[in-house]
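Report on the following structure.
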There are 4 protein chains.
Amino acid sequence: MKLRLLVTGGTFDKEYDELTGRLFFKDTHVREMLKLGRADLDLEIRTLMMIDSLEMRDLDRELVLKSCLEPGCERVVVTHGTDTMPETARYLADRATGRTIVLTGAMVPYTFGSSDGLFNLGGALAFAQVLPHGVYVAMNGRCFDGRSVRKNRGTGRFEAVS
Amino acid sequence: MKLRLLVTGGTFDKEYDELTGRLFFKDTHVREMLKLGRADLDLEIRTLMMIDSLEMRDLDRELVLKSCLEPGCERVVVTHGTDTMPETARYLADRATGRTIVLTGAMVPYTFGSSDGLFNLGGALAFAQVLPHGVYVAMNGRCFDGRSVRKNRGTGRFEAVS
Amino acid sequence: MKLRLLVTGGTFDKEYDELTGRLFFKDTHVREMLKLGRADLDLEIRTLMMIDSLEMRDLDRELVLKSCLEPGCERVVVTHGTDTMPETARYLADRATGRTIVLTGAMVPYTFGSSDGLFNLGGALAFAQVLPHGVYVAMNGRCFDGRSVRKNRGTGRFEAVS
Amino acid sequence: MKLRLLVTGGTFDKEYDELTGRLFFKDTHVREMLKLGRADLDLEIRTLMMIDSLEMRDLDRELVLKSCLEPGCERVVVTHGTDTMPETARYLADRATGRTIVLTGAMVPYTFGSSDGLFNLGGALAFAQVLPHGVYVAMNGRCFDGRSVRKNRGTGRFEAVS
């Protein structure tokens, strides 16, 4: 089964700049993560942008949407910063049809030892293979409807909005 | 959604004994892995045994089966050594009904830096939540029918048997 | 041989706050690091402060000095942020006598996979055991005279000042 | 200051073969470790052999000795398996003059998360830079006289023999 993996940045892909003590983006780590996971999937990987999701604008979301809708692949995973992941999920849910789109990310950068990224990526790729068309957020081992999910900023957990 | 997580050992949970240079079992690492994954699932975790899957006998498989079938939970993930994972999957597939059972494991122990365990666990928990009743093997980012999967010992990859 | 280990914070001990995306201090990791190093030393460990070395004032340096000079132990390792490590080294070199004092730190927090902290700590403890009285900076596998060392902010390396 | 780094294998450099579940040797990790430590030393690195120290014969020790004595560098670090490190240290102590030779190793392979290797390497390089001519074993943060040290197989710690 073919999957498309769209990279937009987010904490997932942040690195520590040892000269400035700041976090920054260089390249995505998804290939390295897939290798670590011994993933044997037919994946089409594309880096759309490398940004903090707080900087994600509707213009960026439009690019994500267009990349999801491009022909050739019905099942898409989007790596995304957690802060505005629910907003992007809703944006896509309102506009995308004929696709299974799963957004995922991480609370801690992959390059730091304690990252949830590999767990989340494993889950997102699984959900994307078997869920019916729709937009979803895969975090905390769970899968949320992209239209009704929020990030609880106090706990860092994602929750269903009823 | 409630999930049952049955631990049987396997490479997943092996540790390095620095006094003897051998691998051995102590406790399972699944709780630690779930914490790392910030998993927010209603999980019932039970350690059935801590063995190398080459030592898995039908008596052990019977215990796995019985634990899968115990009332209270329809969706089960079983951590298992990779060497005989296909055999156990077939054993369960021939006997279990009314359950979604997903077997998973790792090629490299979780405590070693380069483990695929966290990726596999993320995938297995996802597949277990959404797949219809049946027995599956979740490895390499993929999900195989438990009746027709084998481990290719040359590559370490799992493959569908046609 | 008895050694005193004074903790002042620095990048060494920073952690990533997954809720805010900022680095912060909680507890020191030196005990964990010593355990990882299977260190079998007679160590007296004291946390004096947990601060970024850019915030280190002469009042703080005075406390470090007093703690170095307290009776009971001639050999001292001080963990310190790298930015003002040379300033503190000079401050101590101008005031301390009868002690071997070795400052060390890290460019990357210990909790991030890619830290130089364990290597530096191993070196600092070694230098502190064998060098004659004086103040030293142990970074990059080297040992610098505390009166003539600077951090090259462009490369992140420490250099001898002639 | 110039240092020679002689690699002989040992647990330090062992890797996990995910196909067989056995430990094996591929390449040494010392360069990677030195990079992680941001080591800025004038090092001449040579891999003499890649063996378990239980397989170390006097013929091998002769090669280590000859490599230590080659002109061009007075200060040498030898990475070595821990099991027969004391034997090799004594062998060298009986034969080498005009050199500072420090043997070090690890209880856990570097590629496993919990290795003491980086700590030990940092210490060994420090001791090698400042100790007078002689043969030493640097383990557990300590430095032992190469003529009177043993590994306690019960605890995995090195001890001075009186």
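Listing for the model above:
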{"read-out": "In Å, descending, principal axis extents of the Cα set of the protein assembly as shown", "value": "74, 54, 40"}
{"read-out": "FRET efficiency estimate (nearest 0.05) - Cβ-Cβ, C:GLU55 to C:SER148, R0 25 angstrom", "value": "0.55"}
{"read-out": "Those trypsin sites (Lys or Arg not before Pro) in segment B:109-162 that DSSP places in a loop and that have at most 12 other beta carbons within 10 Å", "value": "B:ARG153"}
{"read-out": "Surface accessible to a 1.4 Å probe, D:TYR110 within the full protein complex, Å²", "value": "40 Å²"}
{"read-out": "Solvent-accessible area, 1.4 Å probe, carbon plus sulfur percent, for segment B:1-59", "value": "47 percent"}
{"read-out": "Cβ-based net charge around A:GLY10, under 10 Å, with every Lys or Arg adding one and every Asp or Glu removing one", "value": "-2"}
{"read-out": "Convex hull (Cα only) mean projected area of segment A:1-55, reported in nm² to one decimal", "value": "4.5 nm²"}
{"read-out": "Radius 12 Å from Cβ of D:LEU69, net charge of other residues (Lys, Arg +1; Asp, Glu -1)", "value": "+1"}
{"read-out": "Cα centre as origin, Lys/Arg/Asp/Glu Cβ charges: chain A dipole, Debye", "value": "380 debye"}
{"read-out": "Structure-based [θ]222 nm, chain D - -39500 (n - 2.57) summed over DSSP H runs of at least 4, per residue, nearest 500", "value": "-8000 deg cm²/dmol"}
{"read-out": "Label geometry 7 Å along the beta-carbon vector: C:LEU54 inter-copy distances in nm", "value": "1.6, 5.3, 5.5"}
{"read-out": "With every protein chain in place, segment A:119-162: carbon and sulfur % of accessible area (1.4 Å)", "value": "48 percent"}
{"read-out": "Residue pairs, from the table C:LYS151/D:LYS26; B:LYS14/D:LYS26; A:LYS35/D:LYS35; A:LYS14/D:LYS26, whose Cα atoms sit over 28 Å apart", "value": "C:LYS151/D:LYS26; A:LYS14/D:LYS26"}
{"read-out": "Over segment C:99-162, equivalent-ellipsoid semi-axes from the Cα gyration tensor in Å", "value": "20, 16, 7"}
{"read-out": "Heavy-atom accessible area order for C:ASP60, A:ASP13, largest first, 1.4 Å probe", "value": "C:ASP60, A:ASP13"}
{"read-out": "Reciprocal of mean inverse Cα separation for chain A (Kirkwood radius, Å)", "value": "15.5 Å"}
{"read-out": "Radius 12 Å from Cβ of A:THR155, net charge of other residues (Lys, Arg +1; Asp, Glu -1)", "value": "+2"}
{"read-out": "Residues of the protein assembly as shown: accessible area per residue with a 1.4 Å probe, Å²", "value": "39 Å²"}
{"read-out": "Net dipole in debye of the protein assembly as shown [+1 Lys, Arg Cβ; -1 Asp, Glu Cβ; about Cα centre; nearest 20]", "value": "0 debye"}
{"read-out": "Most mobile listed residue (D:PHE144, D:PHE112, D:PHE25) in chain D, GNM with C-alpha springs under 10 Å", "value": "D:PHE112"}
{"read-out": "For the pair C and D, total buried accessible area rounded to nearest 100 Å², probe 1.4 Å", "value": "2400 Å²"}
{"read-out": "Straight-distance crosslink candidates among aspartates and glutamates, where the alpha carbon sits under 12 Å from B:LYS2 and sequence neighbours closer than 8 are dropped", "value": "B:ASP40, B:ASP42, B:GLU44, B:GLU74"}
{"read-out": "Highest-fluctuation residue, D:ALA138, D:ALA128, D:ALA93 considered, GNM on chain D with Cα pairs under 10 Å", "value": "D:ALA93"}
{"read-out": "Cubic angstrom per residue, convex hull over Cα atoms of segment D:75-116", "value": "57 Å³"}
{"read-out": "For segment B:16-84, the spread of Cα positions along each principal axis, largest first, Å", "value": "42, 35, 16"}
{"read-out": "Segment B:10-68: trypsin sites (Lys or Arg not before Pro) falling in loop per DSSP and having at most 16 other Cβ within 10 Å", "value": "B:LYS26, B:ARG57"}
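The values are calculated or read from the model by the stated rules, or taken from the named source; none is laboratory data. None of the values given here were measured: they were computed from a predicted structure. Using ideal geometry, Cβ is built from the backbone for each residue, glycine included, and neighbour counts are taken over all protein chains shown. The accessibility values were calculated without ligands, DNA or RNA, using every heavy atom of the protein model including side chains. Shrake-Rupley method; radii C 1.70, N 1.55, O 1.52, S 1.80 Å.
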